[in-house]
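The values are calculated or read from the model by the stated rules, or taken from the named source; none is laboratory data. Note that the structure is predicted; figures quoted are calculated from it, not measured. Note: ideal-geometry Cβ built from the backbone for every residue, glycine included; neighbour counts use all protein chains shown.
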Amino acid sequence: MLRALSRCHDPVFRLLAPRSTVLVETVRGRKSRTDPKAKSKLGRIKTPPPVDPVEMVVLKERFTEYNLILRALRLEFKEQVLRKKYEDEVGSAAEERAKREAEEHRSLMAWNDAENLRLRKIREQRVQKEAEEAEMKRREAVLLRQQELENYIKEKERQIIQLQEEAKDFITLDNLDQRIEEALDNPKNYNFAIDKEGRIVKRTAFQ
Amino acid sequence: MVHLSSFLLKKYHGGHVVIRLALGGVTNRPFYRIVAAYNKRARDGKYIEQVGSYDPLPNIHNEKLVAFNYERIKYWIGCGAHTTKPVAKLLGLAGFFPLHPMTITEAERKRKAASTEVVKTESQDHVEQ
């Protein structure tokens, strides 16, 4: 019970409890409420610590005085706090402070707006420049594509012309016999000899 | 990060502010901070404001150092904060509060015990002689 009392914040009063009372209330420490009491504690009668009546009276007086002084101090501090709050809100320097703060706020807002304007101008210029550059790139890309298309067409035409040129020498069914006769008449010799110094010899022993 | 909610976040019903000692430090080396916190908070948990400190172990010059921020203590007591027994005792010793009755009583008891000890040793000496 005394331990429970010591947990609250009021000053502890050591009550004049009678000597040989069994204190029923306990504070649960390690064991739960269902655990049995230890055998060594069977005949134990717990008594509170002895209280000196003379000292008790003196203590009670001291406590009343102490509480009186403390209450007075508390009220004093409360009054100080309230006075300070009142001074802050409705005091002599409060209006000027409020005006000054409003002025500061207005100037800061104006500065902020100026900054925003400046940044907006810069941003707009940048965006414009980027748009122009994109436009330029697009035009160039279109030109490039056109150019590439033209090149491709030219290349294809060139190939067609070359093929037409080569087609004149093709072997068809008409000049088949003629070409065979020609081929048989002019035998071509592709053999040659080469040595390590790079001298080529085309005249070989051919049948 | 900006906290847009109230300072200590939890909503308390019927709690009050206390000025108490919050234990810190290491094993075999305690150190207390005198702290204004809500009653329901843990002893070492989140507090509203630190208002002083107390070192229970004496230093090289055999002094126990205590610090108080009297302005803030006045503010909190004016806002209705309670104080715990050890804080009240420390403040009494510091002179901010009146001396706690138990401090005086303990001192008287110690003095009486010391005087009876002296008397007992003197009587023992006489008996031996």
If I filter the range A:84-99 for residues that are over 30 Å from B:Ile19 (Cα atoms), more than 14 Å from chain B (Cβ to nearest Cβ) and modelled with pLDDT of 90 or more, do I get at least one hit? yes
Please identify the pairs in which a residue from the range A:71-82 that is free of Cβ contacts under 8 Å to residues at least 40 places away in the same chain has its Cβ atom under 8 Å from the Cβ atom of a residue that is of a type in the set (Ser, Thr, Tyr), counting only partners at least 6 apart or on another chain. A:Phe77/B:Tyr75; A:Val81/B:Tyr75
So is B:Ile60 surrounded by 18 or more Cβ atoms within 10 Å (Cβ to Cβ) and of a type in the set (Val, Ile, Thr) or not? no
Among the residues of the range B:39-65, count how many are farther than 30 Å from A:Glu76 by Cα, touching a residue at least 12 places away in the same chain (Cβ under 8 Å) and of a type in the set (A, V, I, L, M, F, W, C). 1
Filtering the range B:77-86 down to residues that are facing another protein chain (nearest Cβ under 10 Å) and either under 8 Å from the mean Cα position of the chain (by Cα) or part of a helix (DSSP H, G or I) (or both), which residue is nearest to A:Arg62 (Cα to Cα)? B:Lys85
It is to be established whether one or more residues within the range A:63-82 are over 53 Å from the mean Cα position of the chain (by Cα), β-branched (Val, Ile, Thr) and more than 14 Å from every other protein chain (Cβ to nearest Cβ). no
Working carefully through the options B:Ala36, B:Ala22, find the one that is surrounded by 13 or more Cβ atoms within 10 Å (Cβ to Cβ), without any contact (Cβ under 8 Å) to a residue 60 or more places away in the chain, of a type in the set (Gly, Ala, Ser) and more than 21 Å from A:Leu70 (Cα to Cα). B:Ala22
Determine which member of the set A:Glu89, A:Glu103 is on the phi < 0 side of the Ramachandran plot, surrounded by fewer than 10 Cβ atoms within 10 Å (Cβ to Cβ), of a type in the set (D, E, K, R) and under 42 Å from the mean Cα position of the chain (by Cα). A:Glu89
Among the residues of the range B:66-73, are any touching a residue at least 12 places away in the same chain (Cβ under 8 Å), among the polar types (S, T, N, Q) and assigned to a loop (DSSP other than H, G, I, E, B)? yes
Qualifying residue in the range B:96-117 (condition: within 30 Å of B:Val17 (Cα to Cα) and among the basic types (Lys, Arg)): no
Matching residues in the range A:157-173 - criterion: being of a type in the set (A, V, I, L, M) and assigned to a loop (DSSP other than H, G, I, E, B): A:Ile171, A:Leu173
